[in-house]
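All remarks here apply to the structure that follows.
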Amino acid sequence: DPALGRRRGRRDPRDRGGALASADGPGHGTASEIDRSLTENGAERMADIIVVGYDGSPAGVAALHWAADEAALRRARLRLTYVLPRPTMTGPMGTGSPLPTEPLRHNAELLLDRVRAEIPGTHPGLVVEALVVFGEAAPALLQQATDGALVVLGSRGLGEFRDLAMGSVAAHVATHADCPVVVVPAGWAPHEASGGVVVGVDGSELSVAAIDFAFGAAEDRRLPVTAVMAWHDPVRLGHGDQLPLVYDLDMLEQENTALLAESVAGHAERYSDLEVRRELVRGHATDVLIAAAKAAELLVVGSRGRGAFAGLLLGSTSRALVHHAPCPVAVVR
């Protein structure tokens, strides 16, 4: 399993040796020789890149802390990405003229330099890049995600990131990124009594990808996994008289119980050292997962679930969880 090989290469977060890399110019970061790690056969490979959108807002700070922890767990590089709108001066006819970008870039770089100077105190040895980009937030972050293993965003931000509160940037990035996207609520911090990693299960193909991500995250953190499946009475009408069809609810519950067990059986066997819990809950998926995630370190869902419209790239449940989940949410495609 290639994913398992990658995970075996990760280190214990308590063992963080090495040195900090430095930026070599405006908008560019360099990776030092410690940016390489060994695969199982001893060959060198480049470390993964964790991209974090940062703007100094409370949610941006929470996202930075989460991303730094994740980068340390994965032995990955951390790429701080500050996106600024291109400054323009609007003329009398509504047309805009570009303004110099250097003052804005300079201020952003000063902020990122301060952040990078603080990281060795909490994450010694973490390789950090700093990048200032001008443009729209979502396309800029998607561009950075092309070589990233993970994108991390705050749920609410400043400047170009302010739309994250309404989900526009987060939803766009989660919909189109080639890698998983994690959205971190403002002010979030790990719980003392952790509820572990919660993953939403519905039997879909993307649910399998979410389960794989969740078990890897739980292994890294040495936390239990709770696989949660929501189910409810089917809402369908019969033909002719439009009376509701009759369902055997006990049978439906048994079928969903079997589907839940089958969905995680292979991972539970593969990750035999992890505690695995299974919860089948009657209710709407969004409500069920929010309740299950109240004490969780991470909630993992597929970008779309079973029964979603083919053209709906980000399902309604995933979109709602990005807005309202009480813990970081990983959206896996």
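Cβ-Cβ distance of residue 117 and residue 189, R₀ of 25 Å, FRET efficiency by 1/(1 + (r/R0)^6): the value works out to about 0.70.
A protection proxy built from the mean count of other Cβ atoms within 10 Å ranks the segments 274-286, 131-143, most packed first, as 131-143, 274-286.
Annotation: amide H of residue 277 within the under-5 Å range of 225, 226, 227, sequence separation 5 or more or interchain, hydrogens built in the peptide plane.
Peptides 290-296, 251-257 ordered by packing proxy, namely the average of other Cβ atoms within 10 Å per residue, highest first: 290-296, 251-257. Near residue 204, the amide H atoms lying under 5 Å from its own belong to 306; only residues 5 or more places off or on other chains count, and H is placed 1.01 Å from N. Amide H contacts for residue 284 (H built 1.01 Å from N in the peptide plane; partners 5 or more residues away or on another chain; cut-off under 5 Å): none found.
Please label the shape of region 165-213 as rounded, prolate or oblate, based on the square roots a ≥ b ≥ c of the eigenvalues of the alpha-carbon gyration tensor (a/c under 1.5 means rounded; beyond that, a/b larger than b/c means prolate, else oblate). The shape class here is oblate. The residues packed around residue 228, meaning those with a beta-carbon under 11 Å from its beta-carbon, carry a net charge of 0 if Lys and Arg are +1 and Asp and Glu are -1.
The protection proxy used here, the mean number of other Cβ atoms lying within 10 Å of each residue, ranks peptides 173-179, 267-273 as follows, highest first: 173-179, 267-273.
Laboratory data are not the source of any read-out in this text; all were calculated from the coordinates shown. Remember, it's a predicted structure, so these values are computed and weren't measured experimentally. Here the Cβ is made from the backbone with ideal geometry for all residues, glycine too, and neighbour counts use every protein chain on show.
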